[in-house]
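Asks: Here you go, one structure.
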Amino acid sequence: MKYEMVAGFETHIELATNTKIFCSCTTQFGGDPNTHCCPICIGLPGTLPKLNKQVIKYAIMAGLATNCEIANISKMDRKNYCYPDLPKAYQISQYDKPLCEHGYVQLSSGKKIRLTRIHIEEDAGKLIHKRGDTYVDYNRGGVPLIEIVSEPDIRSVEEAKEYVEKLQQIMRFIGISDCKMQEGSMRCDVNISVRPEGSDKLGTRTEIKNMNSITFIGRAMEYEFQRQVDLIESGGQVEQQTLRYDDATNTTSSMRGKEDANDYRYFRDPDLVTISVTDEEIDELRKQIPELLFQKAERYVQQFGMNEKDAANISKYRRIAEFFEEASEGVKTPKNVSNFIIGQIFRRLETEDDKEKFDISITAQQLRELVKLIDDGKVKNNLAKSTLEKMLDTGKSVTEFITESDMAGMDEGMLAELCKKAVEANPKAVSDYKAGKVKALKSMVGFVMKESRGKADASAAEAKILELIG
Amino acid sequence: MVTHEDVIAIARLSKLYIPEEELDAMTKAMDDIIKFADTINNASEKGVEFDNINNLSNAFREDEVVPSYDREEILSNANDIDEGHFLVRKRV
């Protein structure tokens, strides 16, 4: 029998606020253990949590960017469980009135992965198990999170990876999180089950906890899919449970049987008042959301005639997209701008992180000046490329490297002179060309270009040389 | 009606131990508490939201960092400390 994978995701994303969700301690990553703490975030009795305004704002932005409905009335609940990473023995989260509901993320195939909800909650502390004891660091305790819960709409590892990448891109683009999976600011729980192909019933699911790499998500899902299929094929039954993925052995193992929602004894947090958001406030936030990257990529294709790959490459990074748009303003050939970015500039930004930061020495205006010189026919492409390299090395403007006389181009006489020189200096190339080696002509044109320091027009030089040796 | 099993289950979730001889009294006490709380149902038909009787909303805080406490103070109530951490017995 053929089986189909059915998967849904719960994705936790740390919000890029300055302070924690219920107190004014810093959210900075790292720091000596228990130095970013106060009585509120270590859960001392008698303290009163107070909600960070920015958390609401960021969570609503996440909802708007993923096509969610935003709730006008929302509240915080206590989720009770006893484990040392929670000093209060409950996590403040949202249960039956989340801030955002009914959204979706669209994949490149056009398929929509529906989002059940996005709610806000506090992160737990970090536990280190050593020497038979547990060491507890509450620096991360109380850092604001959003949890994005998807419907079980994912049918393959490829869809899963694209879904996670899309979420990551969207959240980075609207600037609410850096979504660094390796630092734990984005973590996924994967709910996965199998069913005979064509069936519309859901099988019993297992949940793989705390995945922090897209590669591992793929491997864990493949392993778990196969494990469940083998189990059913051999007459067994899948047990609902929580699993841990071990990347060293590429296997999943049981952490615990799945708790029922009842076990958490959710109830409203009496310390925190209702969250009320007006339609006007939501509209105001909608305006603050920058044009999302896939819409932007589409616009680049239509407006600038870019190919889809280039458009995707440039629109993917917020700072690069802004740089591109600024540099293209009033330019006749935006294609030159994008080529320079993808060519010369990308070569200097090797990692994703480099591109995200986009720390380069020239401004968009400086690039625009250079491209305008090409537009006006004052500078040839080759010269522009080498000049751009020098600009990127030094941060100086184009006029530092190209003088007025360089831009004047070449008059007929000078070009003829140089072509004559090229023919005389390369007798072998001339005879090679006459013997039928077309390439030999290029070497003479190259000579002219070099001698003129890139000022000569290559096609005019070619015509002139042909005339001379014709 | 609250049963012994309910009380044991809730005690387990709360990590409490209830001795056998206290079970009867505890079960009755819990039943009484729930019955008392149930009286609220008689009123809720009138459309009052009991989880927010003051009708308060939006008590927010600005996102501005205030220096955290000294670690010594943070750890001062801990039973056991090592290397700047709270130390607890390992649990699964």
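The values are calculated or read from the model by the stated rules, or taken from the named source; none is laboratory data. Given the structure is predicted, the values throughout are model-derived calculations rather than measurements. Note: ideal-geometry Cβ built from the backbone for every residue, glycine included; neighbour counts use all protein chains shown.
Asks: So A:Met61 passes all but one of these: (1) away from chain B (no Cβ under 13 Å); (2) assigned to a loop (DSSP other than H, G, I, E, B). Which condition number does it fail?
Replies: Looking at each condition in turn, A:Met61 falls short on (2).
Asks: Just need a number here: residues in the stretch B:15-37 that are of a type in the set (Ser, Thr, Tyr) and exposed (fewer than 11 other Cβ atoms within 10 Å of the Cβ).
Replies: Narrowing the stretch B:15-37 to residues of a type in the set (Ser, Thr, Tyr): B:17, B:27.
Checking which are exposed (fewer than 11 other Cβ atoms within 10 Å of the Cβ) leaves us with B:17.
So the answer is 1.
Asks: Going through the stretch A:1-36 one residue at a time, which ones are over 24 Å from A:Gly63 (Cα atoms), among the charged types (D, E, K, R) and either part of a loop (DSSP other than H, G, I, E, B) or touching a Leu at 6+ places or on another chain (Cβ under 6 Å) (or both)?
Replies: A:Lys2, A:Asp32 - these are the residues of the stretch A:1-36 that are over 24 Å from A:Gly63 (Cα atoms), among the charged types (D, E, K, R) and either part of a loop (DSSP other than H, G, I, E, B) or touching a Leu at 6+ places or on another chain (Cβ under 6 Å) (or both).
Asks: State yes or no: is A:Gly46 more than 8 Å from every other protein chain (Cβ to nearest Cβ) and either polar (S, T, N, Q) or in contact (Cβ under 8 Å) with a residue 40 or more places away in the chain (or both)?
Replies: The answer is no for A:Gly46.
Asks: Given the criteria surrounded by 19 or more Cβ atoms within 10 Å (Cβ to Cβ), without any contact (Cβ under 8 Å) to a residue 24 or more places away in the chain and in the same structural domain as A:Ser386 (by TED's automatic domain parsing), does A:Ala297 qualify?
Replies: Working: surrounded by 19 or more Cβ atoms within 10 Å (Cβ to Cβ): yes; without any contact (Cβ under 8 Å) to a residue 24 or more places away in the chain: yes; in the same structural domain as A:Ser386 (by TED's automatic domain parsing): yes.
Yes.
Asks: Which of the residues spanning the stretch B:23-45 are in a helix (DSSP H, G or I) and of a type in the set (D, E, K, R)?
Replies: Initially, the stretch B:23-45 is screened for residues in a helix (DSSP H, G or I), giving B:23-38, B:40-44.
Once the filter is applied, which keeps residues that are in a helix (DSSP H, G or I) and of a type in the set (D, E, K, R), the stretch B:23-45 yields B:Asp24, B:Lys28, B:Asp31, B:Asp32, B:Lys35, B:Asp38.
Asks: With (1) surrounded by fewer than 20 Cβ atoms within 10 Å (Cβ to Cβ); (2) part of a loop (DSSP other than H, G, I, E, B) as the list, and A:Ile402 as the residue in question, which single condition is left unmet?
Replies: Every condition holds for A:Ile402 apart from (1).
Asks: When the residues of the stretch B:64-89 are narrowed to those that are in a helix (DSSP H, G or I) and within 7 Å of chain A (Cβ to nearest Cβ), which ends up farthest from A:Val55 (Cα to Cα)? Spell out the reasoning first.
Replies: Residues of the stretch B:64-89 in a helix (DSSP H, G or I): B:71-77.
Filter once more, keeping what is within 7 Å of chain A (Cβ to nearest Cβ): B:71, B:74-75.
Numbers: B:Arg71: 26, B:Ile74: 25, B:Leu75: 28 Å.
Applying the filter and picking the extreme gives B:Leu75.
Asks: Just give me the residues in the stretch A:416-470 being assigned to a helix (DSSP H, G or I), basic (Lys, Arg) and farther than 29 Å from A:Ala384 by Cα, in sequence order. Before the answer, list the steps.
Replies: From the stretch A:416-470, those assigned to a helix (DSSP H, G or I) are A:416-425, A:427-434, A:439-451, A:458-469; that's our starting set.
Right, trim to basic (Lys, Arg) and you get A:420-421, A:428, A:434, A:439, A:442, A:450, A:464.
Listed by number, the residues that qualify are A:Lys428, A:Lys434.
Asks: Which number in (1) more than 26 Å from A:Thr116 (Cβ to Cβ); (2) at the interface with chain B (Cβ under 7 Å from one of its Cβ atoms); (3) touching a helix residue (DSSP H, G or I) at 6+ places or on another chain (Cβ under 9 Å) marks the one condition that A:Thr17 misses?
Replies: The number of the failed condition is (1).
Asks: With a cut-off of at least 3 residues that are charged (D, E, K, R), touching a Gly at 6+ places or on another chain (Cβ under 7 Å) and away from chain B (no Cβ under 14 Å), name the helices (runs of 4 or more DSSP H) lying wholly within the stretch A:259-326. Spell out the reasoning first.
Replies: Details: elements: A:279-288, A:293-304, A:308-315.
By residue number, no helices (runs of 4 or more DSSP H) qualify.
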